[in-house]
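The values are calculated or read from the model by the stated rules, or taken from the named source; none is laboratory data. All values derive from a computational prediction rather than experimental measurement. As a convention, Cβ positions derive from the backbone with ideal geometry for all residues, glycine included, and neighbour counts pool all protein chains shown. Surface accessibility is based on the protein's heavy atoms, side chains included, excluding ligands, DNA and RNA. Shrake-Rupley method; radii C 1.70, N 1.55, O 1.52, S 1.80 Å.
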Amino acid sequence: MKITNKALILAASLLAVLGLSACSDSSSSNNSNNKNTNTGTSAGAYQSELFTVRGDWAIMDGEITGTIVSELNRLVSANPQVKTIVMQEVPGSSDDEANLQAGLRLHELGLNTYLPPGGHISSGGVDLFLAGNERFAAQDVLVGVHSWATEDITDASTLPRGHEDHDLYLDYFQAIGIDPDFYWFTIQAADANNIHWMSHEERIRYNITTRNTTDQELSMITHHALTDSAIAVQFSQYTWVDAANNKPIHIFGADGVSSLQMSKARSVMAHYLSNVEGLLNKDSIANKLGDDQASLFVFATEQDAQNAFEGSLGELPLAEHGQDLYATEIFVEGDNNYLNRLTVDGRDATYEEVLHLVQGHGLAPAEQALQQRIVTLAENALMDNVWNPSAEDIAEWNSETDQNGYTSQNYEYLAAAVEGYYGLWGHTDEGLDGYLGINRTAQQTQDPNGLTLIEEIWPNRIYSAMPISADFPAGETFSLSHQADKPYTHQSQHLLHVYLTGSNNSHILGNDGNNVLQGNAGDNRIDGNTGDEDVVLFSGLRREYQVEQRDGVWHVIDSVAGRDGHDELVNIDVIEFRDEELSLNRLP
């Protein structure tokens, strides 16, 4: 769950945005070894090296040791709301007997197990996963099995089936309801010094999962753990971004907010808080947000938000460091509003509102000198008529003073400048509240000092993975390159990593950056364009695909129906299967 260039690729789009670190290996970090595990208003009550609690999920990351039973008992005692163990990266166990005891305890507790996008379990991690009451997994996961050995037994596969040393595992699988054929499969699949990654067909054959994964779960969205009625009544969805100190920055979603809208809001937040080599280190900003339990409240409509904040939600301590956003103003890449911004009512305010949260509750208190520069830039932009809000707006903003002692004016200015920088207004003559820097070229002449400030803080491209709506039409190409006849490309040209959702036979065109691209369940054409190292992600194992070149076009054909389809690749340098990287430049 760390945003590094390679991890962003290998985590298959989603897990990476939940945690924050550098987008290159040279940025400093203040990460603590202890993980804050509470989502509610009593942060810090429970800490663990192995588990991090988010909502009603416990994220599990690390090797299983001999303390696993006591860790599991402490987890459920301190966090009775936990329903699911999310096994992000569990490569095995150093104590098989303790691990099997923990599996029996997990099974007894009725906990579910989830292998999320980009997740990996192997050896003892698989044994523990199988103890789940409900077991579910994303498509792009690794499930590794092998035989076992001891000082006296070179490999379990050499023992006759009736040997007593098999009983420990056979008894365990019987107790948790797993067919013993799975055990015999594991010890034959690979010897104790190697690993066998299970194919999709093998995972089905041995009932590794018991149900399908929902769209919300695939988007790493769960339920919050707060019992206050003001939260419980309003919000049915929860996701987060982890600060450098491992405390969550909350994102609550109401009914009527789609999982892709929640994902976009989270990706934008991750973009604002990720560290990039040579730019401002944002750990202090993110840590301040985490310390104060800063929260983004995503409502279905503006009226819903108004009613909630005028009611009991506005009286909660959590709302003191909160910001609202509405589903009606989150335009998911490729949806009708995003594509037809010239004709639809409203606009995409995701970048503005998330920035208000990040600046007002993170940057302003944590980076006071930088905040004062923004105040000055806002005043200068008004005086120079670079930014032209109405007199009524200015009066309203200046009547609003936050807990940092600043009026709203500087927050609105920075949002206008950042939206211009990332192309949200490139299709018009002026930007937010009359801001003239509608793109970077205009900012160079109209607001060069504002442009300089932005370029000191944020990268020129957006690294966070952005989903493309399942409604994006079949036969159409979503472009990351600016095209004069496609107004949305003023904005999309600044993206690097996108993934198609749904099953339409739609396509992607990259740009001159190093793109990370992913198709959907349909048949897609993916063109990396002119980047130096463009990567396409696939969900399965290398052996599950046919890869061949015809007339200069690479064809990647998935043998698993309904997963990745038949994709055509042009100007692509690397294919990332779940278990193997294939460099196309090195192939004949």
Kirkwood Rh and Cα Rg combined as Rg over Rh, evaluated for the range 214-323: 0.98
Charge-dipole axis of the range 283-440 as Lys and Arg at +1 and Asp and Glu at -1 on Cβ define it, positive-most pick from GLN403, GLY360, GLY420: GLY420
For the range 64-122, size of Cβ-based charge dipole, Lys and Arg +1, Asp and Glu -1, in debye: 260
Probe 1.4 Å - accessible area at TRP148, Å² to nearest ten: 40
The chain - share of DSSP beta bridges that are antiparallel (%, nearest 5): 40
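Stick to the Cα atoms of the range 348-479, pair each with every other, and give me the Kirkwood hydrodynamic radius in Å at one decimal.
Values: mean 1/r = 0.0638 Å⁻¹.
So the Kirkwood estimate lands at 15.7 Å.
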Which of ARG586, ARG205, ARG563 is most accessible, then next, and so on - probe 1.4 Å: ARG586, ARG205, ARG563
Dipole magnitude of the range 442-501 about its Cα centre (Cβ charges: Lys, Arg +1; Asp, Glu -1), debye to nearest 20: 100
Heavy-atom accessible area order for SER503, SER539, SER236, largest first, 1.4 Å probe: SER503, SER236, SER539
Calculated SAXS-style log₁₀ I(q)/I(0) at q = 0.15, 0.17, 0.20, 0.25 Å⁻¹ - the range 187-264, Debye, Cα scatterers: -0.73, -0.80, -0.90, -1.15
Positive-pole candidate from HIS490, GLY110, ILE462, dipole of the chain, charges at beta carbon: GLY110
Amide hydrogen neighbours beyond the local backbone of SER236, cut-off 5 Å, H modeled: GLY253, ALA254, ASP255
Accessible area (Å², 1.4 Å probe, nearest 10) - ARG105: 70
Dipole moment magnitude, nearest 20 debye, the range 435-588 about Cα centre, only Lys, Arg, Asp, Glu C-beta charged: 180
Number of Lys pairs (Cα under 16 Å; 8 or more positions apart or on different chains) in the chain: 7
Which of THR150, THR186, THR401 is most accessible, then next, and so on - probe 1.4 Å: THR401, THR150, THR186
Surface accessible to a 1.4 Å probe, GLU580 within the full protein complex, Å²: 80
Rounded tilt (10° steps) of 259-273 against the dominant C-alpha axis of the chain: 70
